[in-house]
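Down below is the structure, laid out as structure tokens.
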Amino acid sequence: MKTIQAAITGVGGYVPDYILTNKELETMVDTNDEWITTRTGIKERRILKGEGLGTSYIVTKAVQELLQKTKTDPKEIDAIIVATVTPDMPFPATANLVADQVGATNAFSYDLSAACSGFLYALTTGAKYIESGSYKKVIVAGADKMSSIINYKDRTTCVIFGDGGGAVLLEPTTENVGVRDAILRSDGSGAVYLNMKAGGSRMPATHASVDANLHYVFQDGQPVFKFAVTKMADVSAEIAERNNLKGEDIQWLVPHQANKRIIDATASRMGISEEKVMMNIEKYGNTTAGTIPLLFWDYEGKLKKGDNLILAAFGGGFTWGAIYVKWAYDGAAVTNKK
Ligand code: UT7
């Protein structure tokens with residue numbers, strides 16, 4: 001009997017229309033375009049405006065596009081997993097709301113929280129459902145409305161993050177394509193460097209917690225940077241080595257978009273040249289769980305069946321990981337993005 005692999009058979013994405021430029025940020029905090037560009041690589045990011053719109057809005061748009069592109073009946077969907085740190089509400093899960101919105105009435109659905117590595121964790125989980133033979137169509141999404149937890153008076157975080165996300169469809173295949181291997185790691189001792197202190201069970205919302213700005217992202221950038229550079233490169237090199245992939249065998253590095261300098265360091269460690277590194281940080285910033293599916297969305301037209309992709313991420317937790325994917329279809333046939 002042939003082994004079942006989980007193939008990514010389609011991609012959908014969504015970014016809000018509103019563009020927050022470095023120029024506009026200059027009017028909000030003591031920063032400048034030159035600092036943001038040289039330290040992070042970011043030029044602009046998208047912000048979801050509109051009363052009552054949460055992360056489920058982003059994911060619903062992405063999933064609707066995915067269903068339409070893959071000509072999938074929502075009733076055929078077995079499961080929807082949404083990776084996010086900005087759910088619409090603590091409960092019910094954002095994924096439950098999305099399933100309802102898109103008409104996936106036969107799906108079970110839940111959220112998964114692993115910050116910037118969330119999409120990698122969710123993709124690994126979704127792939128296991130398919131590989132087990134129990135399920136045939138699983139949607140894995142990664143999205144965040146980071147603007148809902150960012151303090152636009154804190155220049156160390158507000159220049160970095162943005163809103164957006166994407167989704168992929170996983171289906172079984174016995175061909176030599178799909179999610180081939182994954183390495184996932186976490187280390188909770190990193191919580192002190194990157195967190196949101198209030199709003200959970202340890203510190204529920206009070207007037208005092210709001211006054212102290214504890215419902216916003218806190219990041220001690222330098223230690224996070226150091227861990228990210230080392231861990232993301234280590235795990236990417238490890239997965240390439242154990243699958244006998246050299247730099248020239250890899251068509252695309254698909255790295256979490258936190259900082260262009262971290263991405264460059266990872267690519268250089270793996271011997272991958274710049275033109276083989278997916279990058280859109282300049283236009284969306286860091287969308288946390290959204291970055292990797294948004295890269296698929298932007299680069300779909302360039303992807304060819306059989307391409308070897310290394311996905312890599314590092315983020316809050318700390319969490320980090322890398323996944324080896326063999327791409328399952330020629331993207332140019334299904335997208336008008338070049
Ligand atoms: O995706 C989740 C995981 N997160 C990451 O991977 C992020 C990792 N960290 C980083 O990407 C970088 O540490 C940052 C982009 C957050 C910061 O860059 P940095 O090169 O580490 O800057 P820094 O924190 O060392 O700050 C350097 C200087 C400081 O001023 P002094 O003390 O040298 O006078 C900061 O106050 O830059 C100042 N600074 C700014 N200046 C203008 C910090 N933020 C800004 C700003 N505009 N927005």
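The values are calculated or read from the model by the stated rules, or taken from the named source; none is laboratory data. Note that the structure is a prediction, hence the values are computed from the model and not measured. Every residue, glycine among them, receives a Cβ derived from its backbone with ideal geometry; neighbour counts consider all protein chains shown. We work out accessible area using only protein heavy atoms, side chains counted, and drop any ligands, DNA or RNA first. Shrake-Rupley method; radii C 1.70, N 1.55, O 1.52, S 1.80 Å.
If you average 1/r across every pair of different Cα atoms in segment 5-176 and take the reciprocal, what Kirkwood value do you get, in Å?
Details: mean 1/r = 0.0595 Å⁻¹.
Hydrodynamic radius (Kirkwood, Cα pairs) of segment 5-176 is 16.8 Å.
Using the Kirkwood radius over Cα pairs, work out the Stokes-Einstein diffusion coefficient for segment 180-332 at 37 °C and 0.692 mPa s, in µm²/s as a whole number. Mind dumping the intermediate values first?
Working: Rh = 16.6 Å.
This corresponds to a translational diffusion coefficient of 198 µm²/s.
Pull up the DSSP beta bridges for the chain and report the antiparallel fraction as a percent, rounded to 5. Spell out each step's value before the answer.
Details: 39 of 55 bridges.
In the chain, approximately 70 percent of DSSP beta bridges are antiparallel ones.
Which of the trypsin sites (Lys or Arg not before Pro) across segment 197-227 are loop residues per DSSP, with 12 or fewer other Cβ within 10 Å? Write down the numbers at each step before the final one.
Numbers: sites: Lys197, Arg202, Lys226; in loops: Lys197, Arg202.
Here the trypsin sites (Lys or Arg not before Pro) that fit, given the DSSP loop and packing criteria, are Arg202.
Over all pairs of distinct alpha carbons, what does the Kirkwood formula give as the hydrodynamic radius of segment 127-236, in Å?
Numbers: mean 1/r = 0.0573 Å⁻¹.
Answer for segment 127-236: a Kirkwood hydrodynamic radius of 17.4 Å.
Where a ≥ b ≥ c are the square roots of the eigenvalues of the C-alpha gyration tensor, would you call segment 282-323 rounded, which needs a/c under 1.5, or, failing that, prolate if a/b is larger than b/c, or oblate?
Numbers: a/c = 3.63, a/b = 1.41, b/c = 2.57.
Oblate, since a/c reaches 1.5 and b/c is not below a/b.
Give me the extension gain from Lys246 to Val192: residue separation times 0.36 nm, minus the current Cα-Cα distance, reported in nm with one decimal.
Values: separation 54, 0.36 × 54 = 19.44 nm, distance 3.59 nm.
The span from Lys246 to Val192 would gain 15.9 nm if fully extended.
Sum -39500 (n - 2.57) across every DSSP H segment of at least 4 residues in the chain, then divide by the residue count to get the 222 nm mean residue ellipticity, nearest 500. Don't skip to the end; give the middle numbers.
Numbers: 11 runs with 106 residues, N = 338.
Helix contribution divided over all residues of the chain: -9000 deg cm²/dmol.
Which aspartates and glutamates, if any, have their Cα less than 14 Å from the Cα of Lys71, not counting same-chain residues under 8 positions apart?
Result set, ordered by chain and number: Glu171.
So in segment 1-157, what percent of DSSP beta bridges are antiparallel if you round to the nearest 5? Don't skip to the end; give the middle numbers.
Values: 4 of 14 bridges.
Given both bridge residues lie in segment 1-157, the antiparallel proportion sits at roughly 30 percent.
Ratio to report: Rg/Rh of the chain, with Cα atoms as the point set and Rh obtained by the Kirkwood method; give two decimals.
Details: Rg = 18.9 Å, Rh = 19.9 Å.
So for the chain, dividing Rg by the Kirkwood Rh gives 0.95.
Pairs of Cα atoms under 8 Å, at least six residues apart: use those to get the relative contact order of the chain, whole percent. Please list the in-between numbers first.
Working: 842 pairs, mean separation 82.4, N = 338.
RCO, the chain: 24 percent.
When only Cα pairs under 8 Å and 6 or more residues apart are kept, what is the percent relative contact order across segment 180-332? Spell out each step's value before the answer.
Values: 262 pairs, mean separation 50.3, N = 153.
With pairs under 8 Å counted, the relative contact order is 33 percent.
With the cut-off at 1.5 for a/c, could you classify segment 55-133 from its C-alpha gyration tensor as rounded, prolate or oblate? Don't skip to the end; give the middle numbers.
Values: a/c = 1.60, a/b = 1.13, b/c = 1.42.
Oblate.
What does DSSP give for segment 180-332 in terms of the percent of beta bridges that are antiparallel, rounded to the nearest 5?
Numbers: 16 of 21 bridges.
Roughly 75 percent of the beta bridges in segment 180-332 run antiparallel, per DSSP.
Expressed as a whole percentage, what fraction of the accessible surface of the chain belongs to carbon and sulfur atoms when a 1.4 Å probe is rolled over the protein heavy atoms? Mind dumping the intermediate values first?
Details: 7500 of 14590 Å².
Its accessible area is 51 percent carbon and sulfur atoms.
Calculate the dipole size of the chain relative to its Cα centre from +1 charges on Lys and Arg beta carbons and -1 charges on Asp and Glu beta carbons; express the result in debye to the nearest 20. Display every interim value, and only then the final one.
Working: 36 positive and 38 negative charges, 72 e Å.
Charge dipole of the chain: 340 debye, to the nearest 20.
Please list, or write none, the aspartates and glutamates whose alpha carbon is within less than 14 Å of the alpha carbon of Lys226, excluding same-chain residues fewer than 8 places away.
Straight-line reach from Lys226, under 14 Å: Asp234, Asp264.
At R0 = 25 Å, how high is the FRET efficiency between Glu34 and Lys302 if r is their beta carbon distance? Nearest 0.05 is fine.
Details: r = 31 Å, r/R0 = 1.22.
E between Glu34 and Lys302, to the nearest 0.05, is 0.25.
Treating only the Cβ atoms of Lys and Arg (+1) and Asp and Glu (-1) as charged, compute the dipole magnitude of segment 5-176 about its Cα centre; round to the nearest 20 debye.
Working: 16 positive and 21 negative charges, 23 e Å.
Dipole magnitude for segment 5-176 comes out near 120 debye.
On a straight-distance basis, which lysines could pair with Lys49 in a cross-link, Cα separation under 27 angstrom, same-chain partners fewer than 8 positions away excluded?
Straight-distance partners of Lys49: Lys23, Lys61, Lys69, Lys145, Lys153, Lys197, Lys260, Lys283, Lys337.
Kindly report the accessible area of the chain per residue (heavy atoms of protein chains, probe 1.4 Å, no ligands, DNA or RNA), in Å².
On the way: 14590 Å² over 338 residues.
Per-residue value: 43 Å².
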